[in-house]
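The values are calculated or read from the model by the stated rules, or taken from the named source; none is laboratory data. Everything quoted here is computed from the prediction, not taken from an experiment. Cβ atoms come from the backbone with ideal geometry, glycine included; neighbour counts cover every protein chain shown. SASA here: full protein model, heavy atoms, side chains in, ligands and nucleic acids out. Shrake-Rupley method; radii C 1.70, N 1.55, O 1.52, S 1.80 Å.
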Amino acid sequence: MALKIKMLLLLNSFVVYNKDMERFAELYDAYVKKIYRFIYYKTLHKETAEDLTSETFFKALKNIKSFDPSRSFSSWIYKIAQNTVIDYYRTSKRTENIDDIWDLKDEDDFLKRIDNKIDINRVREHLSLIPSLQRDIIIMRIWQDMSYSEIAEIVGKSEDNCKVIYSRAIAKLRKSIPIISFILLVSAKGGSA
């Protein structure tokens with residue numbers, strides 16, 4: 001009888017585990033592109049963003065039992081992504097792979113990629129003028145289309161505080177950069193990510 005109970009418990013935990021995996025797979029499908037874009041805008045490197053996105057979901061899966069269902073999954077996964085990017089920059093030194101230079105399709109594609117790279121570098125340069133928290137809120141609001149409540153939960157501030165931080169950051173950027181660069185900054189979300 002005890003063996004039968006153990007088998008039933010084992011079978012039950014297997015079923016629960018498989019249902020959890022199915023739910024996690026659904027969440028992965030719903031968030032993978034958003035998390036990739038979030039990380040891409042912080043790294044501006046396709047392969048790095050792909051690696052860090054994978055690492056983010058691996059950490060989430062590994063720690064899924066610590067997730068509080070009364071809170072937003074979106075905020076939880078974005079916080080993991082944000083910490084993964086911070087860890088990446090803390091532990092790595094940036095290098096460029098020389099092989100990437102030779103992956104050019106044709107001259108038009110090359111010129112477009114150079115123009116995009118210059119535009120992205122301009123956006124990055126202007127965003128570097130503001131503090132990290134303001135930069136993160138702008139990225140989440142403009143490029144991730146996140147609500148202020150989602151942003152607030154991720155950065156640990158109130159919703160109203162996030163609105164104020166966003167408004168002040170945008171005002172500061174408008175004053176410090178030419179109008180064409182500001183337009184580029186706001187429209188850069190349609191870029192290569």
> Counting Lys +1, Arg +1, Asp -1, Glu -1, what net charge surrounds SER147 among other residues with beta carbon under 14 Å of its beta carbon?
Replying inline: -1
>> Can you give me the % of accessible surface on region 127-171 that is carbon or sulfur? Probe 1.4 Å, all protein chains present, nothing else counted.
In response: 46
> Hey, which of these cross-link pairs are over 25 Å Cα-Cα: LYS42/LYS79; LYS42/LYS163; LYS34/LYS163; LYS79/LYS157; LYS34/LYS172; LYS34/LYS59?
Replying inline: LYS34/LYS172
